[in-house]
Structure formats: C-alpha cells, structure tokens
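What follows is one structure encoded as structure tokens, with my remarks underneath.
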Amino acid sequence: MKLFLKEHVPFILFSIISFLTVVSVFWLDGYHQLSTVLYALFLGLFLLTAFLIILFYRHSKFYRILAQGRVAEVNELPEMTALQSAVKKYLQTQKGLSDIEIEDLKKKRKEHAFFMNQWVHQMKAPLSVIDLLTAEQEEEFIWQIRKELNRLETGLQMVLHASRLDVFEADFKIEKANVNQLVNKVISDHKRLFIVNGVFPENHISHQLTMYTDVKWLQFAIGQVIVNAVRYSKGYHDKIYFYAKEDDKKITIEIIDKGIGIRKEDLKRIKRPFFTGENGRNYKESTGMGLYFVSEIVSKLDLDFQIDSEERKGTTVRFIYDKDQ
C-alpha cells in the first residue's frame, strides 16, 4: 500500500489541483452556488478515490511483491500492465547477464582448481625425491630437513584442498567407510609428522565401525586436526588418542591430545579464517586456516564438529555423524 501511494502521490496532487482550478474558474466567473461547488468537489474526489482503490486491488500483488523484494515473482503474474511488462523485460535482461557472469566465474574457478591441482602434484615430485634421498640418513640436519619437508607437504595439501573446496560438489563421493581404516590411513599419511615431533598415535577405534561419508574429504579434515594436535602436544605429552563412540543415532569420532590446550576466550573464534589466537602467536607455524577448512568441510559433509579444550590440559575434537541423515 505504501509503495502504491508513493508512486501515485504526483497523480493525486495533480488531480486535486485540477479540481480546485476548475472550481476556481467557475467561482471567479460569478458562479457562487456553494452547495453545487462542494458537491462537484466531492464527486471528483469520490471518483478519484474509487479509481485508485480499483487500480490498487487490480495490481496489489505486483506492489506487494516489489515491496517485499520478491522481484523475480513478477514473471508469474497473470496480468501484465505496461509497468509490469517493462519490469519483466528488465529482469530477463539482467538474469541473462547474470547467467553469463556466473558461468564465466564457474569456468574460471574450475580452471583455477585444475591449475592448482596440477601445480601441487608437480611440487610433490621433488619432495618425494628429497624424502628418498634422506630416508637412510640420521644426521641432525637431516631431521631438520624432514621437518621442513613435512611442513611443505602439509602446506601443499592445504592449498590443494582449498582450491577444490570451491568446486566441492564436483569432487564429492559418498561411500561406506570403515572408521578404523579411515583413521589409520590418515595416521599413516602423517607418520613423518609424528616421528619428527616425537608424538605418537594410539588408535582405539573398533574395526567393525562403519559410516557413510566422503572418505577423501573427511581424511583431510582429520589430518588438519592431527597437525594441530601434534604441533601443540610437542614438549607436553607424547601421545594422541583416537576413539569412536556409537549409539542408536550417531557415531562420534574423538581426537584427544594432552597438549597446551586452547584459551577459553579463543575457543569461540578458532574456526574463523586466519585466526591463530595465543597459541598461534607462540607457534609461528600456525596459519589460522586449518580449523576453518575443517569447519567448512564438515558442514558440506553434514557432520557436526565440536572442540573442547582446557588450557595446559589438552584438547578434544569431535566429528559427529548422524545415522539418520
């Protein structure tokens, strides 16, 4: 109603001024029958009001759609006035332009993901060679090389999955997975990280436990949690514990460390991109992106993701799978 009145205010004012002008001409010409003048004014205003009411109810749906911001629904209106037709034509033109821009962005995203995928795989080749060359050597500087090598591999994996995250649906595959085997594969992929930092895993997950998920993405998410757990356990505790609980409704995978823990004031913000917190300032290797990627991935996998931590006592991370989904 407000939008309708705003649009027709000039027309209403013009009509009232026209009525008064006509009446003034007759009055100045010597016609002083007040009752007739008032009746003419009343009749004119009545007809104007009736016209506006009919016009409003005829096009009320159109104005309601515009007022509520549901402009795209204009195309569904059965009757089309000149204004509605113009709005419809404009929307179709804008939609066509938007579709072109969206397709162009999708193409660029796919090209970027493809480029990053190729680049990461090319970078892995020299890292594998370095790994082989240092495999049989035990000198102190070799251990430092292995540590830096592990950082490079972790960074490359993060870059690879970050580029794929934008095209998640194209790289998404649900399958039945044995939880113990899934976790063991992640542990195996990070064995150098464990060895270099002197922190070791204990997997207590049942061999019979299964769930339906995208194995590759969940493994990457668990891997990011392991990287943090090892990094912040070094020098505090030499074990990372893996458990899984099952009931009628859900499966909960727990990763527990007895490391430095997370400050209470940082817990609410650790899933934000680039947030490193107090631990990140003390451990310069932190990027602030690991847990952000984990939260994004588990959201796409329809998993719940919880973090409990107490400073100087350790951290527990939970991936919760709903069996009813």
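Table for the structure above
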read-out	value
Hits in the stretch 148-172 - residues which are in a helix (DSSP H, G or I) and of a type in the set (D, E, K, R)	GLU148, ARG151, GLU153, ARG164, GLU169, ASP171
LYS107 surrounded by 12 or more Cβ atoms within 10 Å (Cβ to Cβ) and either more than 28 Å from the chain's Cα centre (by Cα) or not hydrophobic (A, V, I, L, M, F, W, C) (or both)	no
Entirely in the stretch 173-268, the strands (runs of 3 or more DSSP E) that have 2 or more residues that are buried (at least 19 other Cβ atoms within 10 Å of the Cβ) and at negative phi	210-213, 239-246, 250-257
Odd one out for SER60, checked against (1) modelled with pLDDT under 75; (2) within 30 Å of PHE168 (Cα to Cα)	(2)
Within the stretch 1-41, tally of residues that are of a type in the set (Asp, Glu) and in a helix (DSSP H, G or I)	1
Single unsatisfied condition, GLN94 versus (1) polar (S, T, N, Q); (2) closer than 30 Å to LEU149 by Cα; (3) surrounded by 11 or more Cβ atoms within 10 Å (Cβ to Cβ)	(2)
Scan of the stretch 112-147 for residues that are within 19 Å of ASP189 (Cα to Cα), of a type in the set (A, V, I, L, M, F, W, C) and part of a helix (DSSP H, G or I), ordered by number	VAL120, MET123, ALA125, LEU127, VAL129, ILE130, LEU132, LEU133, TRP143, ILE145
Odd one out for ILE255, checked against (1) farther than 30 Å from HIS207 by Cβ; (2) in contact with a strand residue (DSSP E or B) (Cβ under 7 Å, 6 or more places away or on another chain)	(1)
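Condition check ((1) under 10 Å from VAL179 (Cβ atoms); (2) under 25 Å from the mean Cα position of the chain (by Cα); (3) at pLDDT 95 or above) across all residues:
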site: ASN197; (1), (2), (3): no, no, no
site: SER206; (1), (2), (3): yes, no, no
site: ASP214; (1), (2), (3): no, yes, no
site: VAL230; (1), (2), (3): no, no, no
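The values are calculated or read from the model by the stated rules, or taken from the named source; none is laboratory data. Values in this document were obtained by computation on a predicted structure and should not be read as measured data. Neighbour counts run over all protein chains shown; Cβ positions are idealised from the backbone, glycine included.
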